[in-house]
Amino acid sequence: MAAPVSAPSVSPEHSAIPTSLFNVCFVLFVINVTFFPAAYLSHWWIYDPKGLGIPTDFINVWAAGRLALEGHPAQAWDWDIQRPIEVAQLGQDFLGYFAWHYPPPFLFVASLLARLPYGAAFMSWVFISLIPYLVVVRAIVGRPFGWMLALAAPMVLNNALVGQNGFFTAALIGGTLYLMPVRRVLAGICLGLLSYKPQYGLLFPLVLIAASQWTVFFSAAVVTISMAVVSWLAFGTESWQAFFHWMPMFSQAFLTEGKATWWKLQSLFSLVRFLGGTEQLAWIFQWILTATVAVVLAMMWRSRVSYSLKAAALATGTLLITPYLFMYDMMVLAIPVAFLVRIGLRSGFQPYELPALGCAAALIFSFIMFGAPVGLGSTLIVATLIMRRAAPWRRESVPSLMPAASA
């Protein structure tokens, strides 16, 4: 990677946080921070007014952890075995399934959480996974304002409400990108841990090879292999057999039959299916987009574009190339937004950037009202802002971000 480039001096008005950005983030921050205590006390979150567990995604984590603790980890992937455990814990039935489909290493997290009562496990997972996400966004932005920006992200509501792992995914991707210039081994560890959701790590090997980031590449490989071996020793061969046995069925259910309904997914694939397109047509569009993103990223990471833009583009690309993308995983979009805000605070925002980011946030907030894959629109808005910043005629004017070695 090229040597760090010092940022040019900027005028005071460029270094100040724009009033509109601060005000909007403050309002969203207050909404997100006050919603969950109010929702819990009003029985809208975790438990309903009757004291029964509200059926949400987190129940599959807790149930999988219970099966692992009871000595039956391979049964976590069996929908018909896991579902009665979920119903018994919640105290009420629900439609469909909350299926466990993660690789065996994630059973370590699930089994730790399952040692706690359900409500305590739910809250612990949300708040513990929130901490590294906050730290990473604050580090990227480079100012205390980063704390507010992280908690103002509209995806915070979607993720915490159902107890999903979007905070953890965003923290690992953001940590990898922030640490890569100066702490390559740590960056590789973050990337290796991301193998619990392998669909979000597919672009990283391509980019690491293009940028000759071999330390990160091999560190991530070692961590990934080590996690697989340790989980094999802990949970047995049957757990890996179950994982690979159930994956085709999971893909069939969600990407062919649309059992989760197409509007819940936020990918180009789901948009085509949502609009009535065939599965074949959806895959054609998805593969074209994936190939385009891969080529653009490989070229960008070999170019002289600033590191901030390279990192933002890679984080955005991880969302564009996967067909299986729920709204809670849109938490990852906070990472490229943080890089764009860092650039804007250093060199000034373009007139269209803050309104565009506002539109992206509004689309995510409209998700429940419209019942459509609007998250794709938010991702494309952020991608467009990145590419405009990275345009060839602007390369020399955009400062690069290299985290301080002491960070």
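Observations on the structure shown:
- Count - residues of the stretch 359-374 that are modelled with pLDDT under 95, of a type outside the set (A, V, I, L, M) and under 20 Å from Cys25 (Cβ atoms): 3
- Residue match in the stretch 236-251 (condition: within 19 Å of the chain's Cα centre (by Cα), part of a helix (DSSP H, G or I), of a type in the set (Phe, Trp, Tyr) and within 25 Å of Ile288 (Cβ to Cβ)): no
- Matching entry among Ala228, Ala171 (being assigned to a helix (DSSP H, G or I) and surrounded by fewer than 22 Cβ atoms within 10 Å (Cβ to Cβ)): Ala228
- Check on Trp246, surrounded by fewer than 20 Cβ atoms within 10 Å (Cβ to Cβ), touching a residue at least 24 places away in the same chain (Cβ under 8 Å), of a type outside the set (Val, Ile, Thr) and in contact with an Asp or Glu (Cβ under 9 Å, 6 or more places away or on another chain): yes
Per-residue answers, yes or no, for (1) among the hydroxyl-bearing types (Ser, Thr, Tyr); (2) over 15 Å from the mean Cα position of the chain (by Cα); (3) assigned to a helix (DSSP H, G or I):
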residue: Tyr133; (1), (2), (3): yes, no, yes
residue: Val137; (1), (2), (3): no, no, yes
residue: Ala160; (1), (2), (3): no, no, yes
residue: Val207; (1), (2), (3): no, yes, yes
residue: Trp232; (1), (2), (3): no, yes, yes
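- Qualifying residue in the stretch 66-79 (condition: in contact with a Lys or Arg (Cβ under 8 Å, 6 or more places away or on another chain), surrounded by 19 or more Cβ atoms within 10 Å (Cβ to Cβ), at pLDDT 95 or above and closer than 23 Å to Leu194 by Cβ): no
- Members of the stretch 33-63 that are touching a helix residue (DSSP H, G or I) at 6+ places or on another chain (Cβ under 7 Å) and assigned to a loop (DSSP other than H, G, I, E, B): Trp45, Ile46, Leu52, Pro55, Thr56, Asp57
- Scanning the stretch 265-301 for residues that are crowded, with 21+ Cβ neighbours inside 10 Å, of a type in the set (Phe, Trp, Tyr) and under 21 Å from Leu206 (Cα atoms) returns a single hit, Trp301.
- Selection within the stretch 90-124 - in a helix (DSSP H, G or I) and closer than 16 Å to Ile54 by Cα: Leu90, Tyr118, Gly119, Ala120, Ala121, Phe122, Met123
- Residues being closer than 16 Å to Gln199 by Cβ and part of a helix (DSSP H, G or I) - total across the stretch 265-281: 3
The values are calculated or read from the model by the stated rules, or taken from the named source; none is laboratory data. Note that the structure is a prediction, hence the values are computed from the model and not measured. Cβ coordinates were reconstructed from backbone atoms using ideal geometry, including for glycine residues, and neighbour counts include every protein chain displayed.
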